[in-house]
Each structure stands twice: as structure tokens, then as C-alpha cells.
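The values are calculated or read from the model by the stated rules, or taken from the named source; none is laboratory data. What you are looking at is a predicted structure, and each value in this text was computed from that prediction instead of being measured. Cβ sites come from the backbone with ideal geometry, for glycine too, and all protein chains shown count toward neighbours. To get the accessible areas, we keep the full protein, side chains included, count just its heavy atoms, and leave off ligands, DNA and RNA. Shrake-Rupley method; radii C 1.70, N 1.55, O 1.52, S 1.80 Å.
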Protein chains: 2
Amino acid sequence: MKTTKEALSTKEQLLRTATELMLAKGFTAVTVDEICEKTGVTKGGFFHYFESKDDLGKSVLEYYWQSQVQMVQEMPFHSIKDPLKRLHGFLDSFADRARDPQITKSCLIGNFSQELSSTYPEIRTLCDKKFSMFADMLKQILDEAKQMYAPRSRLDTKSLAEHFVAIFQGALILSKAKQDTKVIEEGIRHFRQYVEALFKKGRKKAVKSRKRG
Amino acid sequence: MKTTKEALSTKEQLLRTATELMLAKGFTAVTVDEICEKTGVTKGGFFHYFESKDDLGKSVLEYYWQSQVQMVQEMPFHSIKDPLKRLHGFLDSFADRARDPQITKSCLIGNFSQELSSTYPEIRTLCDKKFSMFADMLKQILDEAKQMYAPRSRLDTKSLAEHFVAIFQGALILSKAKQDTKVIEEGIRHFRQYVEALFKKGRKKAVKSRKRG
DNA sequence: ATTAACCTACCTACCAGTTGGTATGTAATT
DNA sequence: AATTACATACCAACTGGTAGGTAGGTTAAT
């Protein structure tokens, strides 16, 4: 296999190029020819690895997702014991990434969801799953924080986690129009403040309940 | 002129069809032929009204924006005197629309921003302006509410208004993937709660400041 | 000998956009 | 009242180029 010697296999190079282009222009606007030229592979080569452009779409989505998962796994917040501090560590990492000019301010899951949901049901389902998995990761932190700091409140951690995903996706869209990443930072800041407010409320309620009960 | 007798001029019919299709599939995936066929006009007819597909893009964006402005103007919240209640009225209307199954859960400004920002600078600028105008509308309500209920707080109403736009855009994306509009309702609910929390905090601070000063 | 990993050359459908019309109305001229 | 002139609102048929995809090969490693 080439993978051992060369940095990346041809297939992975194709996936990388496709990801890069589709992050900027979306699925439909990117042509197979474009991907081939930029990767330095002919069309025959491309169709050796992918059945069709649609097939590429699914593969690219999976590839992108894996890279995102890895990225999150490499974030330093996991080792933080206190769940609320861990949450802030999580948000810090995302804010750092928003500030980093080298990182593309776009999300393939969001792009595909918007562009392909009504025409490619399979991709729509895939996007749904990825969104849910991402939200679930955040939900776990929120659940722990809730249990520790506001166990009696009826805070809906699932909805709150999904809310963050929405904030993030929306901020990406705004940042593209504005060509300014501050919206992303602000979105994270607002979410932070909101969660803080919710936990304060939860604590109060918990105290009240304890007094009552 | 035909406009008086017929419901809509040919140009407006073309704009409508284009809007409808592009809300679902995005700009690139919609072909001029498709728009023509669905409108019942030939290509010659289309290019009589629009210089190019790009030109159509800009026109469609403007047309969509106007329709959205009109929609907001027709909402009942404007007559509410109390600015905080007016804000809730505003949010109520958006939540109602999220619930209404007849309304397409998609925003052309968001779609275009995501799809075309990197390739069509003019459209990107247009999206930016529309987003800003929408945020500004909300900012005005927030400003009034701030002045009345938390005049001393250093609440950033502009950032908060933009945050709502982001929440809304993000929720639309999620709702497409999930095929469930509850995320939109939830997004609005969370924003509501967040603003409430901010105003409570502002009130406390104002009280404190008054005591101190 | 077989298979994976490509490449060259090509096909067909469809894309945005053009050409050169016609039908209709309107406004000024005769 | 008839004629000329011009504009608007379309249509049918076409063009050039590009899209996704295929057929059939070559090369090199297993």
C-alpha cells in the first residue's frame, strides 16, 4: 500500500480536496473535474474510488465527521474534573478555533444539510445523525454539570445541547456574510452566559425545593 | 399592462418560482430551464427579464427580502407599547410561523450566504446587509427595553440581536436535517429565556448602581 | 495470473446564454 | 383615419461548452 510511504493515499487526497472545495462552495457547485485537477488525478482515477458524485458526497461527509471527532477528542478539556469547568473548557476550545485564522469557518454537515436535505434523503439522514451525535457529546457534559450543580432543576439538557449546535451553525452563516468571525465568538459567549444563568436558577430552585421538602 | 388583470406579472412569477426552488435546493442546483418550465415561460422569455442567472440571484434575494419585510410589518407586535412585551410579541410571531406547516422552513439569505459568499462577492454583501437590517430591527426593540428596564446595564443589544439571527439560521439548518420544526421553537424559547435572564441581571445591577451612586 | 491503481479518450445530456424572430400595443406623424 | 415608427413581451430553435459518467486500456505490485 502507498499509505505507509506517502503521506496520504490518493483516495484520501481526493476526499481532502473535495472537503475543502465543498466547504467553500457547497456540493453542487463543485465539479468532479475540479476535484480531479486540484488533486492531480484524472477522472478515471476518481471513478475508480467513487461510484458517483453522490457516493463521494456521502464519503466526504463521513470523512469530515471523522476529522471533527478527532479534533474534539484532541481538545484539552476532557481531563477537567469539574463538569461545569469542563463545559467552559469545551467552549474555550471552540472559541479558540473561531479566532484561529487558519481554520475554515464552515461546517460541511451544516452546508450539506441546507443544500441537500430536500434532494438527497440519505445525506439528510446522515447530517441528522452527525448533528445528534455532536449534540449528545455536549449533552453528556451538561448532564454531569446538572447533576452536580442543579440536580433538582428540570433543565432540558438535550434541548440545550441542540441549541448550542444551532447557535454555532447560525454563527457560521453570519460570519460568512459578514466576513468576520466575531459573531462566532459572540455566539459562544452568549451561550456561556445563558448556561450560567440557567445553572444559577437551577441552584436557587434546588435550594428552594430542599427547604420546602 | 397585464399586471392589473392577471394576478402576477411574468417577471414576478419567475421570481416566485425561482425563490421557491432555491429555498429548497440552493442557487446552483436550480437551473434556468427548471424555472422556465415550472413558470410556463420559454428561455427567451426568461432572458428577456434577467441578464443572467447571477442577475436573477440578486433579484431573487431582493424579492425575497421585500416579502420578508412585508411579513414582519404585518405582524401584530408593533402596536404593543411595552418594549419587553413587544419583544415577546415579536418572538411569538416567529414561533407561530415555525409551527405553521405551510411555511417553508428555510431562509434564502442564509442559503445564499452559505453557498455563494465565497464565489459571488456581490451577493455576499447583499446577504450581509439584509442580515444587518434584520438584526437592527430587533436591536431597536431591545434598545427600548433596555432603556426602560435595565438602563444602567452594559448589555450589548447589537450583539444580542445578531445572536438571535444566528439562533434562527442555525435552527433552520437543524430543522432541515431533523425534519422537525421543534428545534426552531426551542431556539426561540431559549433566546427568550436568555433575554429574560439578562434583563433581570440588568435590573439588579441598576439597583446596585443607584445605591452606590 | 490476477488484481489494484490508475490513465486516455470519449459519450451523452444538459447547462447558461444567443439569435432572430412574431404579436401586440402605443405614440407620433401625415 | 391611416400610416409609420418604435417598444415591450414574449417564443422556437440553436450554440458552445461543460457536466457526470463510461470503455477500455496500461502499469506495477502481489
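One residue alone among A:PHE134, A:PHE90, A:PHE168, A:PHE94 is open to solvent by less than 10 Å² (accessible area, probe 1.4 Å) and aromatic (Phe, Trp, Tyr), and that residue is A:PHE90. Considering only residues that are open to solvent by 20 Å² or more (accessible area, probe 1.4 Å) and closer than 26 Å to B:PHE27 by Cβ, which ones fall in segment A:40-50? Residue satisfying the conditions is A:LYS43 alone. The set of residues in segment A:106-139 that are among the basic types (Lys, Arg) and within 21 Å of A:VAL72 (Cα to Cα) comprises A:LYS129, A:LYS130, A:LYS139. Only one of A:ILE35, A:ILE103 is open to solvent by less than 10 Å² (accessible area, probe 1.4 Å) and either within 15 Å of DNA strand C (Cβ to nearest atom) or over 22 Å from A:ALA145 (Cβ atoms) (or both); which? Just one listed residue meets the conditions, A:ILE35. Could we say that B:ASP92 is out of contact with any Lys or Arg (no Cβ under 8 Å at 6 or more places or on another chain), closer than 26 Å to B:LYS129 by Cα and away from DNA strand D (no atom under 16 Å from the Cβ) here? It is true that B:ASP92 is out of contact with any Lys or Arg (no Cβ under 8 Å at 6 or more places or on another chain), closer than 26 Å to B:LYS129 by Cα and away from DNA strand D (no atom under 16 Å from the Cβ). Would segment B:53-70 turn up any residue that is in contact with a Gly (Cβ under 9 Å, 6 or more places away or on another chain), more than 14 Å from chain A (Cβ to nearest Cβ) and within 16 Å of DNA strand D (Cβ to nearest atom)? No, the conditions are met nowhere in segment B:53-70. Remark: A:ALA145 matches the filter, which requires a residue to be within 23 Å of A:LEU160 (Cα to Cα), away from every other protein chain (no Cβ under 12 Å) and buried (at least 21 other Cβ atoms within 10 Å of the Cβ). Is segment A:21-34 home to any residue that is free of Cβ contacts under 8 Å to residues at least 60 places away in the same chain, of a type in the set (Asp, Glu) and more than 11 Å from DNA strand D (Cβ to nearest atom)? Checked segment A:21-34: no residue is free of Cβ contacts under 8 Å to residues at least 60 places away in the same chain, of a type in the set (Asp, Glu) and more than 11 Å from DNA strand D (Cβ to nearest atom).
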